[in-house]
1. Only bridges whose two residues both fall in the chain count here: according to DSSP, what percent of them are antiparallel, nearest 5?
2. Indicate the gyration tensor shape class of the range 8-84 (rounded, prolate or oblate), computed on the Cα atoms with a ≥ b ≥ c the square roots of the eigenvalues: a/c under 1.5 is rounded; otherwise a/b larger than b/c is prolate and the rest oblate.
3. For helix 26-37, what angle does its Cα long axis make with the longest principal axis of the chain, in degrees from 0 to 90 and rounded to 10?
4. Pick out which of 89, 53, 35 has the largest mean-square fluctuation in a Gaussian network model of the chain, springs linking Cα atoms closer than 10 Å.
5. Quickly estimate the mean residue ellipticity at 222 nm for the chain, helices only: each DSSP H run with n ≥ 4 gives -39500 (n - 2.57), and the total goes over all residues, rounded to 500.
6. Which of (i) 33, 17, 17; (ii) 29, 27, 13; (iii) 44, 18, 13 is the computed semi-axes √(5λ) of the Cα gyration tensor in Å for the structure on display?
7. Report the extension gain between residue 94 and residue 175 in nm, rounded to one decimal, defined as 0.36 nm multiplied by the number of residues separating them, less their alpha carbon distance.
8. When N is the residue count of the range 56-110, what does its C-alpha Rg come to as a fraction of 2.2 N^0.38 Å?
């Protein structure tokens, strides 16, 4: 049996790199740093926006690539952009229009690090972990009614967030619209 050396480790943040106390354990920090010192490429892959991931990723103590926004943006820790996969504005407007009954579950993400990086109509239907995430990112949120008015520029993603039963309804509407 031939052993192939590990050359790359891609690790998620929430529920993987972060423990239940929302911190990186000393053992995990040591293991990631040791792998890096041995020449293993470390990449953090997360649904978080780049800026929201930075406080966690910076703890690793070395420059690396961060694939953020559910794969929409790839940047180095120092901010160099390698890749952006943008949603065309017209597609986003059409999607929001087709999903009118889910406006309260919609979050648009834009590639900027100021207010307007996240856009929602309101937060009434966004609960649980999504609400906590939005509350932590409140300074980046614009409230726009109707939400498709925010889609005059290309976004990174349009997300529909909510309980499983509600998201199954959203999937049904999306399937009928396509």
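1. Here the share of antiparallel DSSP bridges comes out near 60 percent.
2. Judged from the Cα gyration tensor, the range 8-84 comes out oblate (a/c at least 1.5, b/c at or above a/b).
3. 70 degrees
4. Ranking 89, 53, 35 by mean-square fluctuation puts 35 first.
5. -9000 deg cm²/dmol
6. Entry (i).
7. Here the segment from residue 94 to residue 175 would lengthen by 27.7 nm.
8. Working it through for the range 56-110, the quotient is 1.52.
The numbers here are math on the coordinates, done by the rules we state, and not lab data. Predicted model only: the values in this text are computed from it and were never measured. Backbone-built Cβ (ideal geometry, glycine too); neighbour counts: all protein chains shown.
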